[in-house]
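Here is the structure we will look at.
The values are calculated or read from the model by the stated rules, or taken from the named source; none is laboratory data. This structure is a prediction, so every number in the text was calculated from the model and none was measured. We place every Cβ from the backbone using ideal geometry, glycine too, and count neighbours over all the protein chains shown.
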């Protein structure tokens with residue numbers, strides 16, 4: 001099954017955002033938020049990476065994992081009051097990608 005070009009572009013942008021956000025897991029700013037915050041942040045980054053890999057291979061579990069991790073990250077950011085320009089731009093990117101994924105959801109493979 002051929003992957004749509006728009007999903008390819010969003011996956012590449014997602015991989016770039018993962019590379020940028022992974023070092024932030026170990027930053028002092030994240031450690032100041034709490035004892036478990038680096039671990040939780042690292043799990044969310046890992047979940048996003050796995051979701052992008054699944055979406056790259058056109059798997060439904062990748063789209064579902066992306067949606068779950070999106071909502072978990074949004075809830076965590078709102079609880080910690082981490083709302084700024086980066087938060088809103090990330091939300092816009094993710095929401096647009098979710099709309100695109102839902103549009104192509106029937107083409108995604110159900111097999112692992």
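Brief remarks follow.
- Within the range 77-97, the only residue that satisfies the criterion of being buried (at least 16 other Cβ atoms within 10 Å of the Cβ) and out of contact with any helix residue (DSSP H, G or I) (no Cβ under 6 Å at 6 or more places or on another chain) is 90.
- Evaluating residue 67 against the criteria (1) more than 11 Å from the chain's Cα centre (by Cα); (2) farther than 28 Å from residue 28 by Cβ leaves one unmet condition, (1).
- Entry remark, the range 77-104: residues being more than 17 Å from the chain's Cα centre (by Cα) and at pLDDT 90 or above number 2 in total.
- First in the range 80-100 and under 23 Å from residue 51 (Cα atoms), second anywhere and surrounded by 12 or more Cβ atoms within 10 Å (Cβ to Cβ) and modelled with pLDDT of 90 or more, Cβ under 7 Å, 6 or more apart: 91/74; 94/70; 97/10; 98/67; 98/70; 100/6; 100/7; 100/10
- Some residue of the range 1-23 being at pLDDT below 85, surrounded by fewer than 18 Cβ atoms within 10 Å (Cβ to Cβ), in contact with a strand residue (DSSP E or B) (Cβ under 8 Å, 6 or more places away or on another chain) and over 18 Å from residue 91 (Cα atoms): yes
- Some residue of the range 59-76 being out of contact with any helix residue (DSSP H, G or I) (no Cβ under 6 Å at 6 or more places or on another chain), surrounded by 15 or more Cβ atoms within 10 Å (Cβ to Cβ), touching a residue at least 24 places away in the same chain (Cβ under 8 Å) and not in a helix (DSSP H, G or I): yes
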